[in-house]
């Protein structure tokens, strides 16, 4: 993924097999990737990363939680508070997860955020939304160099880190699925029509 859309800024935390990465993909697009258990130790990364990503209006966030098992309660609360506090700057949130508990929590968060969170249960529609937001991938673009050239590792060592600098390595932590069912908008039933 980061080969196609290199981030301009990255925040990350890792503890063993657990990891969180936030990345700025362009001026108004951010990515949140989490795997394993999102512990309270990741709170500083979420706070700094989300505050920076939400500093500009019309922000679209893409949350890849396909490999996430659970969030610590204080971490969940912090994320909801940060998103709610900056709600006016959020245009849309696309969340990828096929886990029922995450989808249920996302529905509750969607109520707080006014229906801007869309849950995708499969990777293909989530990636389609990402491509629609960012345009053609760098690998398909004829304007080489039009994006930043940083790349990100989601498969590094097991050391803890929190960083606001750009990281570089492979994107082997990302995996694709080929199915393309329709996206699920978990807040559709709650919106006024």
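Read-outs: derived from the displayed coordinates by stated rules, not from any lab. All figures in this text were calculated on a predicted structure; none of them were measured in a lab. Using ideal geometry, Cβ is built from the backbone for each residue, glycine included, and neighbour counts are taken over all protein chains shown.
When the Cα atoms of the range 9-80 are aligned to their principal axes, the ranges along those axes come out at 32, 20, 17 Å in descending order. Sort the range 34-136 into rounded, prolate or oblate with this rule: let a ≥ b ≥ c be the square roots of the eigenvalues of the Cα gyration tensor; rounded if a/c is under 1.5, and if a/c is not under 1.5, prolate when a/b is larger than b/c, oblate otherwise. Rounded shape, in that the Cα axes give a/c under 1.5. Remark: 88, 99, 74 ranked as 88, 74, 99, counting other beta-carbon atoms within 10 Å and listing the fewest first. Applying 0.36 nm per residue to the separation of residue 107 and residue 77 and subtracting their alpha-carbon distance, the gain on full extension is 9.3 nm.
Protection proxy ranking of 76-85, 41-50, by the mean of other Cβ atoms within 10 Å over each peptide's residues and highest first, is 41-50, 76-85. For residue 131 and residue 52, the FRET efficiency from 1/(1 + (r/R0)^6), where r spans their Cβ atoms and R0 equals 30 Å, is about 0.80. Note on residue 124 and residue 8: with the Förster distance fixed at 25 Å, the Cβ-Cβ geometry gives a FRET efficiency of about 0.45. Approximating the spin labels as points 7 Å out from Cα along Cα→Cβ, the residue 84-to-residue 26 distance works out to 3.2 nm. A Förster distance of 35 Å, applied to the separation of the beta-carbon atoms of residue 92 and residue 17, puts the FRET efficiency at 0.70.
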